[in-house]
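Readers should treat all values here as calculations from the given coordinates under stated rules, not as data from a laboratory. The structure presented is a predicted model; accordingly, all values stated were derived computationally and were not measured. Positions of Cβ are backbone-derived with ideal geometry, glycine not excepted, and every protein chain shown enters the neighbour counts.
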Amino acid sequence: MDQGHDDRDGRAAGREPGSPEGMSAQDVDRRSDLARWISGVHAFPADRGTLLERAQSQSAPEGVLSALRSLPDRTFDNVEDVAHELGIGGNEQHD
């Protein structure tokens, strides 16, 4: 048996079912939690301040607010763009 794949379904070993390639189950949970506080109708594009205001108005937990405060001051196209900037699903967090 190849140690990198499960012979039954070809899935990469160590990756949760339903997790996008390059994302752990924890990354999926983090991105989902983030999206809960910053998504909505016509939510994007949005800059850091707008995302932070939206999350604050919905009483987002401090961990989410802290992550949003750490974002660079630029416009984000979607939740995936925000998650990528925060290093969710990637190998490192961007400064």
Requested in this report: Quick one: what are the phi-derived ³J(HN,Hα) couplings along segment 75-81, Karplus 6.51/-1.76/1.60 with θ = phi - 60°, whole Hz, x for glycine and proline?
Outcome: 8, 10, 7, 6, 4, 4, 5
Query raised in the report: Put +1 on the Cβ of every Lys and Arg and -1 on every Asp and Glu Cβ in segment 27-85; which of 75, 56, 39 then has its Cα farthest towards the positive end of the dipole?
Result: 56
Requested in this report: Report the full-extension gain for the segment residue 35 to residue 84: residue separation times 0.36 nm, less the Cα-Cα distance, to one decimal in nm.
Outcome: 16.4 nm
Query raised in the report: How fast does segment 27-85 diffuse by Stokes-Einstein, in µm²/s, taking the Kirkwood radius from C-alpha pairs at 4 °C and 1.567 mPa s?
Result: 117
